[in-house]
Structures are given as structure tokens and as C-alpha cells.
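I have placed the structure first, in the form of C-alpha cells, so that the comments after it can refer back to it.
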Amino acid sequence: MATVSAPELEQFAAALANERFGPEARRGLPQAHEQYAARRRLPLVPFALWIDGRDFPSFYAALAERKVQGASGEIRLGGPVGRGPSWEFLFPFRRLVLREDGTGDLIPAEGGASRRAVVRWLLREHVRLAGGPSQAPDGAPLTPLPETFGTLLELVALCRSVPLVPLGLALLVYLPEERARYELDLVHNQLLADPRVGRLAVARRVARTARFSWGLDRQVGRGRTSLLAARCLELLAETHGLTAVELATIFGCSRELIDTGVEGLTGRGLVTLDRRTARYHVALEAFLPSSAGPTAPELAVHDPALRTSVQELLAAAESRATCPLCGAPIVHGRDRLVCDDCARTVGLG
Ligand SMILES: [Zn+2]
């Protein structure tokens, strides 16, 4: 698969948005394409897409095809997979099969048994095709999007209804013990290296459960967080804290931009700053839908107003503890992502 040029992207956008593709969006698209293409990233291998029973040369070609819903699909990686330090932080796979029920099979690069998973997508960089610019210069969303976290079917529907063209997507694969996150560059049809490669020691990574990451990804996917803030939140959640300078090094931007981005997260009680070490930390309890609850002694929030807002977050998170496959509330098995019935059916223990 080859790079999607700016004129090609415009053609796909026109097919996707029809008469809603206004002159303002039409003028802005080549610029967005250029800016996206110029950004620093490390491509690993090309990927091929098979959606609803057909091969597509790009994600855009599938989006432009009205009949395609994204009910099922497959992502195949080309080239040598899993070799070298660029693959740090990633679980190498050869193919990922996507099923209509939101689950999938991850086929490992080195052979061996396939791994059952719950699969979701997260919209990253994108361009709105109607209704004015998508983002302020600092990357904050100007008009909140609907939920940007969902199955392939939901992602395709989101792109068509807003309408928008995605430039980058995160592919979230919830394995029984943890969630793997893959970044896809749709313009160049490439799987990208994790942004931490070469900038953060792998030893600094802290493993989180699939359920914790699910809560975090849902939070990020609510379409109200800037891209940079979302990325900071994701990285902070997988460490014991990072300074603004460390985050700026990883994302190749100024520490002022990091501070601005993370400010919104601290205001929402999702991140705290340890002034002694200058490290930002995630408020872990905000992402644990089934944690011990607001009275847990480890909830180290002393400011009464902030404490109340954290308690509200916890209550909201608790009420959302539902099975991502069937929607049944999850009361027991608190470390598990799916309900007992689905765990038996799809083999996610
Ligand atoms: Zn279920």
C-alpha cells in the first residue's frame, strides 16, 4: 500500500462527506495533510486492510465505499515483524482478525496459538469535513466530538456522521492480562513505533490490567481531551510518574506545551503534580471502575472540593463497569474486562 496523496485524500473526503464538504474544509485539508505528513514519527511496517470481506488499498477507500460498515475485518502486517529495538513496548503480531461482536484474534508474529482479545479503536489526528475547524492551534478540540472510542463499526459510523477523515488511529487490543496499543498512520499505511522508543527506558513501564486501561481509554475517548493531553495521560498511566521535561522529550515539543496540556487533566482530577519531584502522576483511582471505592485509604486527595470531584468520578466510573461485549453490569470478577458469560464464550479468562 502506498502513501495517500493530498489530492487523493480530498477525493475520498468528497465521497465521504458528499454535499456537506464545505469550501472551508476543502481548503484546509491539504494543509492538514501536509502538517500530518511532516510530523516526527517512526514507521515500523506497512499494513494491509481487509474489511467486510474485501481488500482495500487504504482505510479511506473503505470509508468512501457506502456499503462498507466495518462489521468485520483483518489487519495484516507486512515486512519483518518484531525485530529490533523499534518494537519495544509492542506485542508483535502478524494478523489481527476483527469480529462483529467486538472481539478479535491476535496471531503472533513468531507463530504459536492465536490470542483472543477485545478490540477497540480510538480516533487520533483527524480533520473535520464540515462545521468549522476541529482543533485550536494548541490541539484542544473546539467542538467536542461524540465518543471517539469504539468498535470498527462505530468508528466508520463516526467518520461518516461527523463527517471527518482520520489521519491516525490507535488500535487497542485487550488481552486477558493487559491492553496493547498500536498506532496506525492511515496516510502512509504504516504501523508506527511507540512514541517512547529511544526516549524512555522500557524498565520505566508499569504494567496495567486490561480493566484499568479500559477505564483510561474510555476517558480519553470522550472527545473532549486534546491529543497531546490524551497522549500524556496514557503515558503517565503506564509509569510511576514523569516530569514535564520527560514528556516533552518523548513527544518532541516544548515543556510549556506539556504543562498547558496536562493542566486540564489536573483540573479534572485525573493527574496530580508532585511538587517535590516535579513529576506528574495519574490519579489511579479515577480509572478503576471496580476499585475499593472512594473510602479507600490510598485515595490521597486532601483538598475537600477536589476529593468530592474524585468521588463523583469514581461513582460515575463504577456505574460504567459493564461488559464491553454484551453490556451486562460487572459486579464480580473486578479485575476482569468482560462478564462471566462472555468470558466463557470468547475464552477471555
Ligand atoms: Zn458480557
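For the range 52-96, enumerate the residues that are assigned to a strand (DSSP E or B) and open to solvent by less than 30 Å² (accessible area, probe 1.4 Å). Walk me through how you get there before you give the answer.
Initial filter on the range 52-96 (assigned to a strand (DSSP E or B)): 54-56, 73-77, 93-96.
The answer is 56, 73, 74, 75, 77, 93, 96.
So which residues in the range 156-207 are open to solvent by 50 Å² or more (accessible area, probe 1.4 Å) and in a loop (DSSP other than H, G, I, E, B)?
Here is the first cut: in the range 156-207, the residues open to solvent by 50 Å² or more (accessible area, probe 1.4 Å) are 157, 161, 176-178, 198-199, 201-205, 207.
The answer is 176, 177, 178, 198, 199, 201, 205, 207.
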Pairs, first more than 12 Å from residue 236 (Cα to Cα) in the range 263-274, second not in a helix (DSSP H, G or I), C-beta under 6 Å, six or more apart: 269/283
Any hit, the range 229-239, residues being under 15 Å from the mean Cα position of the chain (by Cα), buried (at least 22 other Cβ atoms within 10 Å of the Cβ) and of a type in the set (Asp, Glu): yes
Positions within the range 4-47 being open to solvent by less than 40 Å² (accessible area, probe 1.4 Å) and not in a helix (DSSP H, G or I), in sequence order: 4, 21, 22, 44, 45, 47
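Answer yes or no: is there a residue in the range 243-250 that is in a strand (DSSP E or B) and either open to solvent by 60 Å² or more (accessible area, probe 1.4 Å) or modelled with pLDDT of 90 or more (or both). Let's see the steps before the verdict.
Of the range 243-250, the ones in a strand (DSSP E or B) are 243.
Next cut, either open to solvent by 60 Å² or more (accessible area, probe 1.4 Å) or modelled with pLDDT of 90 or more (or both) only: 243.
The answer is yes; a qualifying residue exists.
The values are calculated or read from the model by the stated rules, or taken from the named source; none is laboratory data. Predicted, not measured: the structure shown is a model, and the values here were computed from it. Virtual Cβ from ideal backbone geometry, glycine too; neighbours counted across all protein chains shown. These accessible areas exclude ligands, DNA and RNA; they are computed on the full protein's heavy atoms, side chains included. Shrake-Rupley method; radii C 1.70, N 1.55, O 1.52, S 1.80 Å.
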